[in-house]
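Contents: one structure, followed by commentary.
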Amino acid sequence: PTLLGFMIAPLVWSVPEALVTAELGSAFPEASGGVAWVEEAFGKRAGFIMGYFTWVGGATDNAIYPALFLDYLLQVISPSEGGETSDDGMGQMTRFILLSSMSIVLAVINFMGLDVVGNMSIVICIISMSPFILLTILGMPKVDPSRWMQTPEDDIDLDDDSLGSHGWLPLANLGGVVWRPFLNNLFWNLNSFDSAANFAGEVENPGVVFPKAMFMSIYMVVLCYFLPLLVAIGASNSTQSDWVDGYFATICSDVVGPWLGDWTVFAAGISNIALFLSEMSSDAFQLMGMAERSLLPNVLTTKSQFGTPTYGIMIGTVVIVFFSIADFSALVELLNFNYSIALLMEYAAFIKLRISRDDVLRPYRVPLNTFGCILFVTPPVVMIVFLMMLASYMTFIYGFVSFLFGIFVYKMQSCGKDGKCCEYAIVPDVIQPRVQVEIAPDLTGSLV
C-alpha cells in the first residue's frame, strides 16, 4: 500500500496542484499567492478567509520542524534503545527554551533575505538527500522484488494512535491499513506546491521560470520519495510494525552500514531547518501580499533592508514559539483540515477564473478547455473531501472554531477600515490583464 500510495497519490494530488499553481502563479505573480486567485474569483471576503486558513495552517505547521530537529539531535547525541529519542531527562521548560531559541535564530536568518535562505536551503537539500541517494545506489543490488508484494498486517493496535479517534466515517482500519493517518501523511508529504506562488513576484520572468520550477518540483518530489522506499522495502526484512518514526535510519544501517544510519539521522535533522526557512518565508510573504491587496493593514508591507517582510516574520515567529511544544501526530490532521479548505477554494478559483477572467494573460496555460479543467480537478477535490470526512470530531470542531475566528478577524478588519484605525493599501477592484512578452513552453506533455 505504501508503494502504491506514493505512485498514485502524486497523480491525484501533486500534479493538479502544481499545474494549477503554474498557470495562476505566472498569471498573478504576487506575494499573496493563492489569495490573489481566490479574491479575483470570489471577492475580498473569500480571499481573506482562504489566506487566513493557509497562513494559520502554515504557521502552526512550522512549529513542528524545530521540535523534529531537536528530536533528531538528541538521537545523535544520546540515542536510547530501539533508536528512539531520549529526552526523558529534559523538562518542559528546558525544551521550550531550546525550541524557542532555535526558532528565533532561524527567524533571524529568514530576516536576512531570500538569497541567504535560498543558498542555505540548497546546501541543506544536498546534505539531506545524500543518504537516500546512497541508499538507492548501494542498496539496489540487495533488492528482492518479492518483498514489494507484502500485504499489511490485519491486527493493528490503534490504542496509541492519536489519529484513530472517532469521526464521521468509521474507516479506521481496513485491510490492515490505518487509513486516516496513512492518507493524512500522504497528503502532508505530497502537497503545498501552491506555497511557491508566494515567491512568483520575486522571480525574474515568472512566466517562463515559474512553470519550469513547478514541473521540476513534481519530478523531484515523486522520485525522492518513491525510489528510496522501493529500495528500503525491497532490500530489508522489515515488517509493517517496524516502521516507526526514524526507522529509515535503521534501514540504512542494516542495508548499507551503521555510518549511513548515523548520517541519515543527521541529514533528516537538518532537513527540518530548510523546511522551516522555506515555510516561514512563504507565510511572511503571503501576509505582505494580503496587505498589498488591502486585506490586512498596510504596516505588513514593510520590508527590511534585505527585502524581507519584517512584521510577517515577527508574527510568524510568535505563533511558532507559542506552538513549539505541540505534538506532531495530533497536529498533522488539524493542519491538513485547514489546508484542505484553502486548497478547495483555490481549485474553485481556477475554474471560475477560466470562465470570468479569461482576459488575463496566462504565460503558462493548462492545455485543457474549461470542461476539461473541471474533470482535471475533480479527482483531487473528491479525495480532499474524503480526507476531510475521515477526520475526527475534534478536528471538525477545531475547523469550525477556526472558521468563526477568521470571520471575526475579517469583521474587525472592516471595522478598522471604517474607523480609519489602521492604514490600508488602495488597490483597484479588478486587476487589469498583464502584458507578458515571453510565454512558457508547453511542458505538460513531458510530464505525462
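Against the numbered list (1) free of Cβ contacts under 8 Å to residues at least 40 places away in the same chain; (2) over 19 Å from the mean Cα position of the chain (by Cα); (3) within 16 Å of V117 (Cβ to Cβ), W259 comes up short only at (3). When each of P10, P79, P16, P66 is tested for being modelled with pLDDT of 85 or more and within 28 Å of F266 (Cα to Cα), the lone residue that passes is P10. Among the residues of segment 369-394, those that are at pLDDT 90 or above and either of a type outside the set (V, I, T) or over 23 Å from G5 (Cβ atoms) (or both) comprise N369, T370, F371, G372, C373, I374, L375, F376, P379, P380, M383. A count restricted to segment 41-63 and to residues that are within 16 Å of K352 (Cα to Cα) and buried (at least 24 other Cβ atoms within 10 Å of the Cβ) stands at 2.
Kindly indicate the residue of segment 205-223 that is over 22 Å from N185 (Cβ atoms) and either of a type in the set (V, I, T) or out of contact with any helix residue (DSSP H, G or I) (no Cβ under 9 Å at 6 or more places or on another chain) (or both) and also most open to solvent (accessible area, probe 1.4 Å) among those meeting that condition. Explain how you work it out, then say what you get.
As a first pass, look at segment 205-223 and keep what is over 22 Å from N185 (Cβ atoms): 205-216.
With the extra rule that they be either of a type in the set (V, I, T) or out of contact with any helix residue (DSSP H, G or I) (no Cβ under 9 Å at 6 or more places or on another chain) (or both), the set shrinks to 205, 208-209, 216.
Numbers: N205: 49, V208: 22, V209: 68, M216: 115 Å².
Among residues in segment 205-223 that are over 22 Å from N185 (Cβ atoms) and either of a type in the set (V, I, T) or out of contact with any helix residue (DSSP H, G or I) (no Cβ under 9 Å at 6 or more places or on another chain) (or both), the one most open to solvent (accessible area, probe 1.4 Å) is M216.
Counting the residues of segment 335-365 that are surrounded by fewer than 21 Cβ atoms within 10 Å (Cβ to Cβ) and part of a loop (DSSP other than H, G, I, E, B) gives 6. Beta carbons closer than 9 Å, at least 6 apart along the sequence or on distinct chains, pair a first residue in segment 207-234 that is more than 20 Å from M7 (Cβ to Cβ) and touching a residue at least 60 places away in the same chain (Cβ under 8 Å) with a second that is open to solvent by 40 Å² or more (accessible area, probe 1.4 Å) and part of a helix (DSSP H, G or I) for F210/F199.
Is it the case that segment 285-306 has a residue that's assigned to a loop (DSSP other than H, G, I, E, B) and free of Cβ contacts under 8 Å to residues at least 40 places away in the same chain? Yes: one or more hits. The criterion of being assigned to a helix (DSSP H, G or I), in contact (Cβ under 8 Å) with a residue 60 or more places away in the chain and surrounded by fewer than 21 Cβ atoms within 10 Å (Cβ to Cβ) holds for A196.
Out of the residues in segment 262-282 meeting the condition of being more than 30 Å from F111 (Cβ to Cβ) and under 26 Å from the mean Cα position of the chain (by Cα), tell me which one is surrounded by the fewest Cβ atoms within 10 Å (Cβ to Cβ).
W263
Tell me which residues, restricted to segment 139-163, are at pLDDT 75 or above and surrounded by 12 or more Cβ atoms within 10 Å (Cβ to Cβ). I'd like the intermediate steps shown before the answer.
Of all residues in segment 139-163, those at pLDDT 75 or above come to 139-150.
Matches in segment 139-163: G139, M140, K142, V143, R147, W148, Q150.
Here segment 113-138 is the region considered, the condition is being under 15 Å from A235 (Cα atoms) and either part of a loop (DSSP other than H, G, I, E, B) or among the β-branched types (V, I, T) (or both), and the residue that is most open to solvent (accessible area, probe 1.4 Å) is I137.
Checking segment 385-406 against the condition returns a match, with at least one residue being in contact (Cβ under 8 Å) with a residue 60 or more places away in the chain, among the aliphatic types (A, V, I, L, M) and open to solvent by 60 Å² or more (accessible area, probe 1.4 Å).
For segment 243-257, indicate whether the set of residues that are in a helix (DSSP H, G or I), buried (at least 19 other Cβ atoms within 10 Å of the Cβ) and small (G, A, S) is non-empty.
Applying the first criterion (in a helix (DSSP H, G or I)) to segment 243-257 yields 247-255.
Then drop every residue that is not buried (at least 19 other Cβ atoms within 10 Å of the Cβ), which leaves 248-252, 255.
Imposing the further condition that a residue be small (G, A, S) reduces the set to 249.
Scanning segment 243-257 turns up at least one residue that is in a helix (DSSP H, G or I), buried (at least 19 other Cβ atoms within 10 Å of the Cβ) and small (G, A, S).
Scan segment 366-377 for residues that are part of a helix (DSSP H, G or I) and within 18 Å of V12 (Cβ to Cβ) and the total you get is 6. Restricted to segment 82-101, and to residues that are open to solvent by 30 Å² or more (accessible area, probe 1.4 Å), in contact with a Leu (Cβ under 7 Å, 6 or more places away or on another chain) and not β-branched (V, I, T), which residue is modelled with the lowest pLDDT? Here the answer is S86. Of T302, T317, all but one fail to be surrounded by fewer than 19 Cβ atoms within 10 Å (Cβ to Cβ) and not aliphatic (A, V, I, L, M); the exception is T302. The residues in segment 366-382 that are out of contact with any Pro (no Cβ under 8 Å at 6 or more places or on another chain), crowded, with 18+ Cβ neighbours inside 10 Å and either in contact (Cβ under 8 Å) with a residue 60 or more places away in the chain or not hydrophobic (A, V, I, L, M, F, W, C) (or both) can be counted, and the count is 1.
If I filter segment 322-334 down to residues being in a loop (DSSP other than H, G, I, E, B) and among the small types (G, A, S), which single residue comes out as modelled with the highest pLDDT? Before you say what the answer is, go through the steps one by one.
The first filter runs over segment 322-334 and keeps only residues in a loop (DSSP other than H, G, I, E, B), leaving 323-327.
Still in the list and also among the small types (G, A, S): 324, 326.
Details: S324: 68, A326: 60.
Step by step, filter segment 322-334, then rank; the result is S324.
Which one is farthest from M140 (Cα to Cα), of the residues in segment 224-234 that are open to solvent by 20 Å² or more (accessible area, probe 1.4 Å) and of a type in the set (A, V, I, L, M, F, W, C)?
Ranking the candidates gives C224 first.
The values are calculated or read from the model by the stated rules, or taken from the named source; none is laboratory data. Quantities reported herein were computed from a predicted structural model and do not represent experimental measurements. Neighbour counts are summed over all protein chains in view; Cβ atoms, including those assigned to glycine, are modelled from backbone coordinates with ideal geometry. Calculation scope for accessible area: heavy atoms of the full protein, side chains included, ligands and nucleic acids excluded. Shrake-Rupley method; radii C 1.70, N 1.55, O 1.52, S 1.80 Å.
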